[in-house]
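Beneath this line is the structure, given in structure tokens, with notes to follow.
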Amino acid sequence: MKTRAAVMHEPGALVLEELDVEEPLPGEVVVRMCAVGVCGTDLHSYKGEWDRPMPIVLGHEGAGVVETVGSEVEGLQEGDRVVLSWAPACGECGACRRGRPAACGRLASAIGRGTLLGGRTGLSLDGETVYRGTATGALAERVVVDAAAAMPLGDAVTLEQAALLGCAALTGVGAVLNGARPEPAFSALVIGAGGVGQFVVQGARIAGAAEVLVVDPVAARRDQALALGATRACGPDDVREAMKELDPEGVDYAFDAVGAAATTKLALRWTRGGGTAVVVGLPAGGEMLELDPFEFSNREKTLTGTIYGSEDPAVALPRLLGLVASGELELASLVGPSFALDRADDAFQASLAGEPGRVLVVP
């Protein structure tokens, strides 16, 4: 089987290639990709901030249609509309048994090696192995994945909107509802209003936040966050003044949707005594965080992290679809510009430039 894919041979450049794809093994399916979001995880690899084997096909946040069903697959059939999950459960480790497949050790190893969960890539170019970004490699016309990674979608939303559910929405909304689990009428600070940050804002609104301050250097992203439920927004240089107006003691919950050391430090700084700072975004490889023990021993703050919404994606997706159906979760206005597969590199550049909507690649 052949497929066209956006391949990164070196950081900072995606090239359209025609790859050889192995036929699906028992328990696997072929998904014809229809929309793939450009996620911050992909951008880390694209910028060379994470050490990944190359050549590699990036992309993990996507939606498409099941084209071929391998043997021993139940619950899926040809023509089903699906959302990809980059964290199918191995079913054996403690993390997976606890319903946290994103923390699976086998998965982490597979992501580092650029393979699927089972250890192979199934992709090659002129006989050379091509690797998979985030154990998925969705920036292609067709992908072969474990059946558990293809989550049924139904017909409620467009495939372009559904792509956002695959990572940004699961991560951002889940960070609030599952990671923080706040009581209603809380105050929140959201640092970073990119794709994930916009869903953190919505998660805070859905959870009953009384105040949500968003910090982002891009004015269009701040405006979008206000439209989605934030009550205040400012640039990074104006945080101190904004917090004086909101609450000089800090917020109940601060969410770092960027994940850099500086933004995590900022989130912890403006968390009130007894409050909680939640790291949602992922840092560049090797970045370290310096902490002042006074924040914890004297001010009784909590610093915690969340990955992929702190829930099994197969459990979280139906809940998100229910929120979309009820009108509580907005998707349409978050869909940004779309680029054809042969312009995937332009899509990445648009995302890096601060496009307020989620940039999509449409294979």
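Place the peptides 229-238, 102-111 in order of packing, highest mean first, counting for every residue the other Cβ atoms within 10 Å and averaging per peptide.
Details: 229-238: 16.7, 102-111: 18.9.
Going by the mean number of other Cβ atoms within 10 Å, highest first, we get 102-111, 229-238.
Annotation: the residues Met8, Met54, sorted from fewest to most other C-beta atoms within 10 Å of their own C-beta, follow the order Met54, Met8.
Where only DSSP H runs of four or more residues are counted, the chain gives -7000 deg cm²/dmol as its mean residue ellipticity at 222 nm, each run worth -39500 (n - 2.57). Between the range 287-324 and the range 23-61, how far is it from one alpha carbon centroid to the other, in angstrom? Cα centroid of the range 287-324 versus Cα centroid of the range 23-61: 24 Å apart. Amide H contacts for Val335 (H built 1.01 Å from N in the peptide plane; partners 5 or more residues away or on another chain; cut-off under 5 Å): Arg358. Near Leu303, the amide H atoms lying under 5 Å from its own belong to Ala277; only residues 5 or more places off or on other chains count, and H is placed 1.01 Å from N.
Count Lys and Arg as plus one, Asp and Glu as minus one, and take only other residues whose Cβ is under 9 Å from that of Cys39; the net charge is then -1. Scanning residues 5 or more positions from Thr115 or on other chains, those with amide H under 5 Å from its amide H are Arg132, Ala135, with H placed 1.01 Å from N in the peptide plane.
Note on Lys265: lysines with a C-alpha under 25 Å away, same-chain residues under 8 apart excluded, are Lys47, Lys244, Lys301.
Less than 15 Å Cβ to Cβ from Asp20, Lys/Arg counted +1 and Asp/Glu -1: what total charge do the surrounding residues give?
Working: positive: Lys2, Arg4, Arg120, Arg132, Arg142; negative: Glu17, Glu18, Glu22, Glu23, Asp126, Glu128, Glu141.
Counting the neighbours of Asp20, the net charge comes to -2.
Starting from the Cα gyration tensor of the range 172-307, take the square roots of the eigenvalues, sort them a ≥ b ≥ c, and report rounded, prolate or oblate (rounded when a/c is under 1.5, otherwise prolate if a/b is larger than b/c, else oblate). Rounded is the answer for the range 172-307, as its axis ratio a/c remains below 1.5. Whole-Hz Karplus values for the range 171-188 come out as 6, x, 5, x, 4, 7, 5, 9, x, 7, 6, x, 7, x, 6, 7, 9, 9 Hz, taken residue by residue from phi with 6.51 cos²θ - 1.76 cosθ + 1.60 and θ = phi - 60°; glycine and proline positions read x.
The ranking of Ser85, Ser310, Ser124 by Cβ neighbour count inside 10 Å, starting from the fewest, reads Ser124, Ser310, Ser85. The range 220-282 and the range 184-205 have Cα centres spaced 9 Å apart. A simple packing score, the average count of other Cβ atoms within 10 Å per residue, orders the peptides 88-101, 128-141 as 128-141, 88-101, with the highest score first. The string of couplings for the range 67-74 from the Karplus curve (6.51, -1.76, 1.60, θ = phi - 60°) is 9, 9, 10, x, 5, 6, 9, 10 Hz, one whole number per residue in order, with x for Gly and Pro.
Near Ala261: Cβ cut-off under 15 Å, other residues only, Lys/Arg at +1 and Asp/Glu at -1. The net charge is -4. Shown in residue order for the range 120-128 are the 3J(HN,Hα) couplings computed by the Karplus curve 6.51 cos²θ - 1.76 cosθ + 1.60 at θ = phi - 60°: 10, 9, x, 10, 8, 9, 6, x, 8 Hz (x for Gly and Pro). Fewest neighbouring Cβ atoms within 10 Å first, the residues Met243, Met288, Met151 line up as Met288, Met243, Met151.
Of all DSSP beta bridges located in the range 1-111, what percent are antiparallel, nearest 5? Numbers along the way, then the final one.
Details: 20 of 20 bridges.
Around 100 percent antiparallel, to the nearest 5.
A short reminder: the numbers here are calculations on the coordinates, not readings from a lab. Just so you know, these numbers come straight off a predicted model, no measurement behind them. We place every Cβ from the backbone using ideal geometry, glycine too, and count neighbours over all the protein chains shown.
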